[in-house]
Structures are given as C-alpha cells and as structure tokens.
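The values are calculated or read from the model by the stated rules, or taken from the named source; none is laboratory data. None of the values given here were measured: they were computed from a predicted structure. All Cβ positions, glycine included, derive from the backbone under ideal geometry; neighbour counts span all protein chains shown.
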Amino acid sequence: MPPPNFTAPCPANNPACSILQASESRYRRLFETAQDGILLLNGETAQVEDVNPYMLAMLGYSHTEFLGKKIWELGAFTDIAKSRGMFAEILSKGYVRYEDLPLVTATGKRADVEFVSNSYHCDGIKVIQCNIRDITARKIAESTVLIRNRELMESNVELERFAYVASHDLQTPLRNIVHFAQLLDRRYKNKLDADADEFIGFIIDGAKQMGVLITDILEYSRIRGQSIPVHPIPAGEALAQALSNLGQDIEDADATVRVGDLPMVVAEPTHLTSLFQNLLGNSLKYRAPNRKPAISIAAERTVANRWRFAVTDNGIGIEPAYHDKIFEIFQRLNPAAEAEGTGIGLTMCRHIIHRFGGTIWVESVPGTGSTFFFTLLDGSATA
C-alpha cells in the first residue's frame with residue numbers, strides 16, 4: 001500500500017518511476033485532504049496501517065492511537081464482537097456498507113457514521129480501505145423532520161376532529177333557529193311591517209345556508225379523516241351513480257350529458273362518485289343563462305399506466321385568476337357569487353384525486369365554458 005510519505009528518489013532516466021512517484025503523490029494529497037474519514041487496514045492482521053487527518057479530527061484521536069491497532073482495539077469501535085464480525089464480513093465479501101454505524105469519539109460522544117469498505121491487493125498485501133462519513137447532523141435533521149411530521153399529523157387529526165365535532169354540535173341549535181324563524185314567518189307574516197317580514201326571510205335563508213355549509217364541512221372532515229382503500233373499478237359505474245343522484249337537477253336544467261367510453265381505474269367507488277357528482281353539479285350550477293347546459297365526460301390514455309379524464313361544459317367559464325383558487329377551501333367560482341354553494345366541493349375533489357395518486361386542474365374560457373381535467377391510474381392491468 002502507499003506509504004504515509006513517499007520519499008524514495010527515482011533513478012535517473014526512469015520514466016516509470018517518475019510516473020509511479022507522481023501517482024503516489026496524488027494519492028497522498030487525496031488521502032490527506034479528503035472530507036471523509038479514511039482508514040487503511042492490513043487484511044491479514046486487521047491492524048491499522050494508516051488513517052487520514054479528517055478521521056482523526058472527526059473522532060478526536062491521535063495518529064499513534066490508531067497505528068498498529070486492530071480495528072476492535074480502537075476506542076471508537078466499542079463493540080468488540082461486532083467489530084470482529086464486521087472485519088470478517090469485509091474479508092469474505094470484499095465490499096461492505098453500513099448505513100448507520102455508531103462510533104464513539106475520544107470525548108465519549110456518539111457519532112453516527114456511514115461506513116463503506118473495499119478490499120484490494122497492493123504489493124502482494126491485502127488492503128482494506130474504510131471510508132467513514134459523519135452523518136450525525138443528517139440523523140439529527142431526519143429526526144427533527146420526523147418529529148415535526150408527527151406533530152403536524154397529530155395537529156391535522158385534532159383539527160379534523162374539532163371540525164367534525166363542532167359541525168355536528170352546531171346542527172341542533174341551527175335547526176332550532178330555522179324552526180322558530182319559520183314559525184314567526186307563518187304566524188306573523190303580513191301582521192308586522194314589511195321590514196320585519198324581510199328580516200325573518202333573511203334569518204331563514206341564512207340559517208339554511210349555514211346548514212348546507214355545516215353538512216359540507218362534516219363531509220369534508222369525514223373524507224379527510226378516512227383512509228381510502230383503492231382498487232380497480234369501472235369509472236363508468238361511478239359516473240352512472242353520480243348521474244342518477246343528479247337526475248332531477250339535470251332534468252330541471254334541461255341539460256344534455258354526453259359520456260364517452262370510460263376505463264377501469266384505480267380508485268374507490270363512493271369517493272369517485274362524489275368526485276363526478278361535484279364536477280357535474282358545478283357545471284349545472286354555473287351554467288350560462290342564455291343557453292342550455294351541455295356537458296361531456298371523456299377519458300384518454302396519456303402514458304402507459306394513467307388515464308386523463310375531462311369533464312367539459314359550456315357554462316359561464318372561470319377567469320384565469322381563479323384557476324388555482326377554486327380548489328382552496330371556501331373559495332367559490334367567480335363571478336357567479338350569487339350561485340348557491342359553500343366553496344368546499346372542489347377542495348374535496350382535489351383531496352380525493354390526491355388520495356388516488358392523481359392530479360386535477362381546470363382550463364377555461366370565460367363566457368364559453370370550462371374543462372376540469374384529472375388523472376387516475378389504469379386499473380385494467382391489476383383488475
């Protein structure tokens with residue numbers, strides 16, 4: 001193996017010797033300046049032949065505390081049996097990698113390292129080169145991320161539970177408000193002044209709208225809190241159920257719905273039905289006042305294992321500034337601010353699609369119509 005310092009002079013007119021000297025000089029520079037610890041072991045005796053400065057600085061030992069010691073005699077490798085086994089594995093395999101090996105510094109502190117060893121022959125002697133990288137900072141960062149993720153998950157669970165409980169508990173007092181406001185309307189309509197009748201109407205309409213909002217929040221909390229077990233299903237069946245649920249609304253709007261051939265996809269029937277129902281419901285809700293609604297649903301393969309669906313309408317369209325905002329909770333389609341709705345439906349659609357492993361987006365021309373695109377995994381291969 002290359003000695004710690006190559007000092008032997010080259011005989012005159014010996015190019016091979018000069019090349020060898022230059023090669024060993026380059027090796028020495030790399031060895032001395034490497035930003036990983038390097039340990040050179042004798043493959044026959046397991047003794048340390050050399051150690052680079054970075055290794056010494058990382059563990060806090062001196063050069064003499066390493067040289068001539070067997071690897072399991074080093075203070076950094078505290079588990080003698082494990083170190084012996086590690087050396088035996090290196091000898092038998094030639095290449096060994098330990099992604100998380102604990103070492104101990106001279107001050108007694110733990111250092112987590114990534115340990116990679118290779119063996120080769122040099123001047124007839126088997127050499128084992130161990131490259132050791134300190135990953136303590138990375139481990140601390142990973143641990144911090146795990147803690148933060150766990151805290152975030154716990155916070156999300158608490159928020160979802162709070163939303164569910166709060167929404168559920170609001171239902172009873174809200175029903176009472178609507179009930180007694182309607183009693184006032186029936187008993188005292190036209191017996192008070194016009195303002196009183198109008199105010200009672202505002203109370204009833206506002207309470208009903210709040211009831212719809214609470215119902216949507218409950219549904220959103222339910223979807224957020226559920227794990228969705230996906231499996232291959234026919235998308236056409238989920239769409240057929242959505243069309244059945246919206247049958248009266250489609251008839252009232254005198255809408256035309258055209259459906260293309262839909263594939264097998266990886267999804268969950270109830271949630272895929274909810275997705276279609278929300279998108280179709282939006283097309284009916286935001287229809288143009290001067291033309292009959294026309295809606296089409298189609299799918300095309302984009303890559304080998306994925307389908308892109310398109311739900312297209314000829315409604316009022318969506319201004320470009322709202323293409324991203326409409327998928328945020330409580331953000332409603334604009335400019336139809338007078339249309340009924342709570343601004344939760346598209347948020348649920350996005351959450352459902354993300355749970356299915358897809359994406360959703362909208363393309364629209366104001367005054368002409370909109371197309372909602374979403375992607376789903378192909379279910380035919382695993383059906």
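Structure values in brief
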read-out: Answer residue from segment 311-357, given it is of a type in the set (A, V, I, L, M) and under 16 Å from residue 284 (Cα atoms) and is modelled with the highest pLDDT among those; value: 311
read-out: Among (1) more than 32 Å from the chain's Cα centre (by Cα); (2) among the β-branched types (Val, Ile, Thr); (3) part of a strand (DSSP E or B) - the single one residue 297 does not satisfy; value: (1)
read-out: Subset of segment 47-66 (residues that are closer than 13 Å to residue 104 by Cβ and part of a helix (DSSP H, G or I)); value: 58, 59
read-out: Pairs with Cβ under 8 Å, 6+ apart, first in segment 245-274 and without any contact (Cβ under 8 Å) to a residue 60 or more places away in the chain and farther than 22 Å from residue 293 by Cβ, second among the polar types (S, T, N, Q) and surrounded by 20 or more Cβ atoms within 10 Å (Cβ to Cβ); value: none
read-out: Segment 347-383, residues that are farther than 14 Å from residue 233 by Cβ and of a type in the set (A, V, I, L, M, F, W, C); value: 348, 349, 353, 360, 361, 362, 365, 372, 373, 374
read-out: Leading residue by the ranking (nearest to residue 288 (Cα to Cα)) among those in segment 353-382 that are aromatic (Phe, Trp, Tyr) and part of a strand (DSSP E or B); value: 372
read-out: Number of the condition not met by residue 154 [criteria: (1) in the same structural domain as residue 66 (by TED's automatic domain parsing); (2) modelled with pLDDT under 80]; value: (1)
read-out: Residues of segment 300-317 that turn out to be assigned to a loop (DSSP other than H, G, I, E, B), among the polar types (S, T, N, Q) and closer than 17 Å to residue 359 by Cα, as a count; value: 1
read-out: Pairs, first within 15 Å of residue 273 (Cα to Cα) and buried (at least 20 other Cβ atoms within 10 Å of the Cβ) in segment 341-367, second among the aromatic types (Phe, Trp, Tyr) and modelled with pLDDT of 90 or more, C-beta under 7 Å, six or more apart; value: 353/374
read-out: Flag if residue 168 is at pLDDT below 85, assigned to a strand (DSSP E or B) and farther than 30 Å from residue 105 by Cβ; value: no
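Listed here are the residues, each with its yes/no results for (1) within 30 Å of the chain's Cα centre (by Cα); (2) more than 30 Å from residue 44 (Cα to Cα).
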| residue | (1), (2) |
| --- | --- |
| 86 | no, no |
| 92 | no, no |
| 133 | yes, no |
| 138 | yes, yes |
| 144 | yes, yes |
| 148 | yes, yes |
| 152 | yes, yes |
| 164 | yes, yes |
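Residue-wise test of (1) part of a helix (DSSP H, G or I); (2) modelled with pLDDT of 80 or more.
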{"position": "45", "(1), (2)": "no, yes"}
{"position": "68", "(1), (2)": "no, yes"}
{"position": "72", "(1), (2)": "yes, no"}
{"position": "75", "(1), (2)": "no, no"}
{"position": "84", "(1), (2)": "yes, no"}
{"position": "100", "(1), (2)": "no, no"}
{"position": "119", "(1), (2)": "no, yes"}
